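First the structure, in the form of C-alpha cells, and then the observations on it.
The values are calculated or read from the model by the stated rules, or taken from the named source; none is laboratory data. For clarity, every value in this text was computed on a predicted model and none was experimentally measured. No Cβ is skipped: glycine too gets one built from the backbone with ideal geometry, and neighbour counts run over all protein chains shown. Ligands, DNA and RNA are stripped out before the accessible areas are found, and what is left, the full protein with its side chains, is counted by its heavy atoms. Shrake-Rupley method; radii C 1.70, N 1.55, O 1.52, S 1.80 Å.
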Amino acid sequence: MKFEGRNAVLELLKTDKTVDKILIEKNPQGSLKKIFAEARKKNLRVQFVDKKVLDKESAEGRHQGVIAFATDYAYSAVEDIAAAEGQNGLVIICDSIEDVHNLGAIIRVAECAGANGVIIPVNKSASVTEAVIRISAGAAEHIKVAKANSLVHAIEVLKKSGYWIYALEADGTDIYKTDLSGKVALVIGGEDSGVRRLTRENCDGCLSLPLYGKVNSLNASVALGVAVYEVLRRR
C-alpha cells in the first residue's frame with residue numbers, strides 16, 4: 001500500500017504499521033527532512049530519488065516529494081467499535097459514500113471529533129486507499145474503520161451496545177431541537193442517493209440541518225462536520 005504526501009507519511013510513521021521503504025525526493029527541504037529524521041529513528045529503509053521516479057510511482061501526482069510503501073490497511077470489526085468504552089460514544093456510519101474525497105474528509109472529521117470509529121459497507125462504498133489516507137491527512141491511521149457486510153446488522157450491533165442511530169437527511173427533525181445525549185451514531189448518505197431506504201428504516205430517527213439559501217443540500221463531509229460538532233457541543 002502506498003502513502004503519498006507529507007502529512008500522510010508523517011502520520012504513518014506515528015503508527016506501528018510495517019513500512020517497507022520510503023522514497024524521498026533528492027535534496028529534501030522542509031518537512032521532508034523531518035520525515036527522513038523520523039524514518040532514521042525507526043531504522044526504516046529510505047531511498048533518495050529523482051522527482052520523475054516519484055511522478056511515475058504516484059497514483060495522482062500529488063506525492064509532495066515523498067511516497068511510503070507499507071502493509072495494507074487493517075480494518076477493525078464493527079463489534080470492536082461498538083464495544084469501545086465511554087458513556088458518550090460517537091460512531092459515524094457511511095452509507096454509499098463512493099467518492100474518495102468525501103470518505104477521506106469524513107474520516108478526518110470523525111478522528112478530530114474523537115469518534116469511536118467509522119463504519120462503511122463492503123459494497124457501494126469507497127475503501128480506505130492511499131488516496132483516502134492522504135485526503136484524511138493521515139487521520140485514517142488513528143481511528144478504527146470497519147467494513148460491514150450489512151449496515152443493518154451493524155446498526156443492530158450498535159443498538160445492543162446502547163447507541164441511538166440517526167440518519168442525516170433533508171426531511172428529518174431539526175438537529176438543534178433533538179436530545180443528543182448518550183451514545184450516538186450518525187449515518188451520512190451518498191451525495192446523490194442519500195441514506196438508503198432499508199438503512200433509514202432501521203435508524204431511530206432522522207435529523208436535518210436548517211438551510212436558508214437557495215441550494216437545498218450540503219456536501220456530505222460538511223454536513224457531517226456540522227452535525228458531529230453539534231453532538232459534541234451538547235456534551
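Do we have any residue at all in segment 35-45 that's closer than 29 Å to TYR229 by Cα, among the hydrophobic types (A, V, I, L, M, F, W, C) and open to solvent by less than 50 Å² (accessible area, probe 1.4 Å)? No, every residue in segment 35-45 fails to be closer than 29 Å to TYR229 by Cα, among the hydrophobic types (A, V, I, L, M, F, W, C) and open to solvent by less than 50 Å² (accessible area, probe 1.4 Å). Residues in segment 187-201 that are of a type in the set (S, T, N, Q) and open to solvent by less than 40 Å² (accessible area, probe 1.4 Å): THR199 only. Looking at segment 92-118 only, could you name the residues that are open to solvent by 10 Å² or more (accessible area, probe 1.4 Å), more than 17 Å from LEU232 (Cβ to Cβ) and assigned to a helix (DSSP H, G or I)? Residues satisfying the conditions are VAL100, HIS101, ASN102, ALA105. Per the listing ARG40, ARG62, the residue uniquely in a loop (DSSP other than H, G, I, E, B), more than 26 Å from LEU186 (Cβ to Cβ), at pLDDT below 95 and among the charged types (D, E, K, R) is ARG62. Just one of the numbered conditions (1) over 15 Å from ILE92 (Cβ atoms); (2) of a type outside the set (Phe, Trp, Tyr); (3) in contact (Cβ under 8 Å) with a residue 40 or more places away in the chain; (4) in contact with a Pro (Cβ under 9 Å, 6 or more places away or on another chain) is not true of ASN149: (3). Of the residues screened, ASP72 is not one that is surrounded by fewer than 19 Cβ atoms within 10 Å (Cβ to Cβ), free of Cβ contacts under 8 Å to residues at least 24 places away in the same chain and assigned to a loop (DSSP other than H, G, I, E, B).
Checking each residue of segment 17-28 against the condition of being farther than 11 Å from ALA68 by Cα, of a type in the set (Lys, Arg), more than 24 Å from the chain's Cα centre (by Cα) and assigned to a helix (DSSP H, G or I) gives no match.
Results for (1) more than 20 Å from ILE81 (Cα to Cα); (2) touching a residue at least 60 places away in the same chain (Cβ under 8 Å), shown as yes or no for each residue.
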position	(1), (2)
ILE143	no, no
ILE175	yes, no
SER181	no, yes
LEU186	no, yes
GLU201	yes, no
GLY213	yes, no
SER217	yes, no
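Inside segment 182-205, can you point out the residues that are among the hydroxyl-bearing types (Ser, Thr, Tyr) and touching a helix residue (DSSP H, G or I) at 6+ places or on another chain (Cβ under 7 Å)? Within segment 182-205, just THR199 meets the criteria.
Answer yes or no as to whether GLY138 is more than 27 Å from TYR212 (Cα to Cα), buried (at least 19 other Cβ atoms within 10 Å of the Cβ), under 16 Å from the mean Cα position of the chain (by Cα) and not polar (S, T, N, Q).
On the way: more than 27 Å from TYR212 (Cα to Cα): yes; buried (at least 19 other Cβ atoms within 10 Å of the Cβ): yes; under 16 Å from the mean Cα position of the chain (by Cα): yes; not polar (S, T, N, Q): yes.
The answer is yes for GLY138.
SER127 falls short on exactly one of the conditions (1) out of contact with any Lys or Arg (no Cβ under 8 Å at 6 or more places or on another chain); (2) modelled with pLDDT under 95; (3) surrounded by fewer than 23 Cβ atoms within 10 Å (Cβ to Cβ), and that condition is (1).
Are any residues in segment 47-69 on the phi < 0 side of the Ramachandran plot and open to solvent by less than 40 Å² (accessible area, probe 1.4 Å), and if so, which ones? Steps first, please.
Looking only at segment 47-69, we keep the residues that are on the phi < 0 side of the Ramachandran plot, and these are 47-60, 62-63, 66-69.
The answer is VAL49, LEU54, SER58, HIS63, VAL66, ILE67, ALA68, PHE69.
Could you grab me the full set of residues in segment 202-232 that are of a type in the set (Phe, Trp, Tyr) and surrounded by 13 or more Cβ atoms within 10 Å (Cβ to Cβ)?
Result: TYR229, single match.
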